[in-house]
Amino acid sequence: MAKRADLNKIFKQIREENKSYRIKIRVREGKKGYAFFLDYWHNGRHETYFYPKKYTGLVANKIIDNQLLKDIEKDRSDKDYELFANENNFRLKNDFSKADFIEFYKRVGVKKGSRPQYTASLKHFLDFIKVEKIQFRELSPELFKKFREYLLSRVSDITARGYLDVMRAGLNIAIEHNVIQDNPLKGIDIKVEDTKKEYLTEKELIAFINQDTKHIQSKNAFLFSCFTGLRLGDVLSLTFDQIQEGEIHFRQQKTKKIEAFPLAEDAQKIIEYQLNRKKKTVKVFDLPKSKSSINRYLKQIIKEAGITKNIHYHCSRHTFAIRCLNSGMSIYEVSKFLGHSDIKTTEVYLQFVQEHKQRAIGKLPRVMG
């Protein structure tokens with residue numbers, strides 16, 4: 001049976017990613033395939049964990065092999081966090097509450113890809129409490145209510161709500177790891193007026209497609225999200241082996257859920273273009289490391305296309321959602337494509353398709369005289 005042609009690239013990528021982790025993924029070639037194992041040091045001891053299932057490297061077993069590697073990568077991430085938690089007293093004997101929230105939250109931010117909101121929210125929180133450490137048992141709803149007022153005095157209500165949301169998510173992770181039992185931020189929110197969700201109309205989308213640019217990768221990535229609803233984080237990590245027989249298989253960076261759905265023809269055309277470009281890479285899109293650079297290039301293309309809206313990358317998801325609703329897709333189906341855990345998050349898009357609903361009502365047959 002034929003071996004995969006991309007094996008060397010896959011193993012090279014594993015070696016590169018190992019540089020960023022304390023726990024290394026190792027590979028040994030054998031008679032019946034490749035043996036994977038985790039390799040790390042803990043408390044002065046060298047430890048390994050071998051996976052009984054072999055990675056065949058065969059073309060016929062591509063999907064099974066890819067899923068095995070994804071499971072191993074998740075195990076590595078979970079184990080890395082577990083070691084960190086143990087070494088930093090996050091699992092103290094019968095008293096988890098003495099653990100340091102600041103160190104915990106920093107680690108959560110790293111696991112989330114050092115997202116700017118985690119870094120910024122932590123900076124504001126440190127400025128607020130005026131100490132470098134605070135134990136979980138010192139966190140209370142009263143403290144976070146004061147922190148909410150502190151944020152509102154320094155940033156916009158939308159930004160403040162975003163900071164509280166990511167901090168609430170971090171505390172939920174602490175609950176999952178049995179560090180605390182209840183979230184002290186539960187019920188503490190900031191109400192803001194509905195903000196306008198910018199999106200591209202069909203006419204604007206065509207103008208964007210037809211606009212020539214030297215930043216073709218940023219352009220194609222944005223269009224791909226307009227046709228799939230993928231977040232920028234998911235697009236940045238997207239590899240060609242996640243595209244299988246007209247479907248995309250991936251784990252959402254934000255929700256961590258494994259998703260699989262068919263690609264529209266326009267999305268498949270972008271994949272074909274990316275496959276046929278001169279520079280061959282494991283990742284689908286060769287994008288700048290800085291998200292701000294991607295958005296800067298995007299705004300430049302938008303301006304050159306004669307579009308006056310304030311468009312940034314996330315507007316591609318708005319565009320996708322509204323196009324889906326206008327095509328007749330149900331709100332439930334759109335919610336699934338966007339990976340929303342609560343359909344209420346998706347319902348905000350209904351306000352943008354009022355004209356579509358009016359046209360739909362107009363098509364009802366007349367039965368009265």
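Out of the helices (runs of 4 or more DSSP H) lying entirely within region 254-369, which hold 3 or more residues that are surrounded by 14 or more Cβ atoms within 10 Å (Cβ to Cβ), modelled with pLDDT of 90 or more and not aliphatic (A, V, I, L, M)? Can you show your working first?
On the way: elements: 265-276, 291-304, 315-326, 331-338, 343-347, 354-362.
Fully inside region 254-369 and qualifying: 265-276, 291-304, 315-326.
Hey, does region 193-200 have a residue that's surrounded by fewer than 12 Cβ atoms within 10 Å (Cβ to Cβ), modelled with pLDDT under 90, not in a loop (DSSP other than H, G, I, E, B) and not basic (Lys, Arg)? No, region 193-200 contains no residue that is surrounded by fewer than 12 Cβ atoms within 10 Å (Cβ to Cβ), modelled with pLDDT under 90, not in a loop (DSSP other than H, G, I, E, B) and not basic (Lys, Arg).
State which residue is surrounded by the most Cβ atoms within 10 Å (Cβ to Cβ) when the search covers only region 207-219 and only residues that are aliphatic (A, V, I, L, M) and under 14 Å from residue 303 (Cα atoms). Walk me through it before giving the result.
So in region 207-219, the residues aliphatic (A, V, I, L, M) come out as 207, 209, 216.
So of that shortlist, the ones also under 14 Å from residue 303 (Cα atoms) come out as 207, 209.
Details: 207: 16, 209: 13.
Among those residues, the one meeting the criterion is 207.
Return the residue satisfying two criteria in turn: it lies in region 35-46 and is open to solvent by less than 50 Å² (accessible area, probe 1.4 Å) and touching an Asp or Glu at 6+ places or on another chain (Cβ under 9 Å), and of such residues it is farthest from residue 281 (Cα to Cα). Applying the filter and picking the extreme gives 42.
Of the numbered criteria (1) at pLDDT 90 or above; (2) part of a loop (DSSP other than H, G, I, E, B); (3) hydroxyl-bearing (Ser, Thr, Tyr), the one residue 34 fails is (2).
Does residue 203 fit the bill of being over 30 Å from residue 309 (Cβ atoms), open to solvent by 30 Å² or more (accessible area, probe 1.4 Å) and more than 22 Å from the chain's Cα centre (by Cα)? Working first, answer last.
On the way: over 30 Å from residue 309 (Cβ atoms): no; open to solvent by 30 Å² or more (accessible area, probe 1.4 Å): yes; more than 22 Å from the chain's Cα centre (by Cα): yes.
No: the conditions fail for residue 203.
Taking the numbered list (1) within 23 Å of residue 297 (Cβ to Cβ); (2) at pLDDT 90 or above in turn, residue 237 passes all entries but (2). Evaluation of residue 1 against the conditions (1) touching a residue at least 12 places away in the same chain (Cβ under 8 Å); (2) open to solvent by 70 Å² or more (accessible area, probe 1.4 Å); (3) out of contact with any helix residue (DSSP H, G or I) (no Cβ under 7 Å at 6 or more places or on another chain); (4) among the hydrophobic types (A, V, I, L, M, F, W, C) shows that the sole unmet condition is (3). When region 57-69 is limited to residues that are in a helix (DSSP H, G or I) and either open to solvent by less than 60 Å² (accessible area, probe 1.4 Å) or polar (S, T, N, Q) (or both), the one that is nearest to residue 13 (Cα to Cα) turns out to be 69. Criterion applied to 21, 49 was being hydroxyl-bearing (Ser, Thr, Tyr), assigned to a loop (DSSP other than H, G, I, E, B), in contact with a helix residue (DSSP H, G or I) (Cβ under 9 Å, 6 or more places away or on another chain) and open to solvent by 60 Å² or more (accessible area, probe 1.4 Å), and the one residue passing it is 21.
Within region 294-310, the residues that satisfy the criterion of being touching a residue at least 60 places away in the same chain (Cβ under 8 Å) and not acidic (Asp, Glu) are 294, 297, 298, 300, 301, 302, 305, 306, 307, 309, 310.
The values are calculated or read from the model by the stated rules, or taken from the named source; none is laboratory data. As the structure is a computational prediction, the values presented were derived from the model and not from experiment. Ideal geometry is used to build each Cβ from the backbone, glycine not excepted, and the neighbour counts take in all protein chains shown. Ligands, DNA and RNA are excluded from the accessible area calculation, which covers all protein heavy atoms including side chains. Shrake-Rupley method; radii C 1.70, N 1.55, O 1.52, S 1.80 Å.
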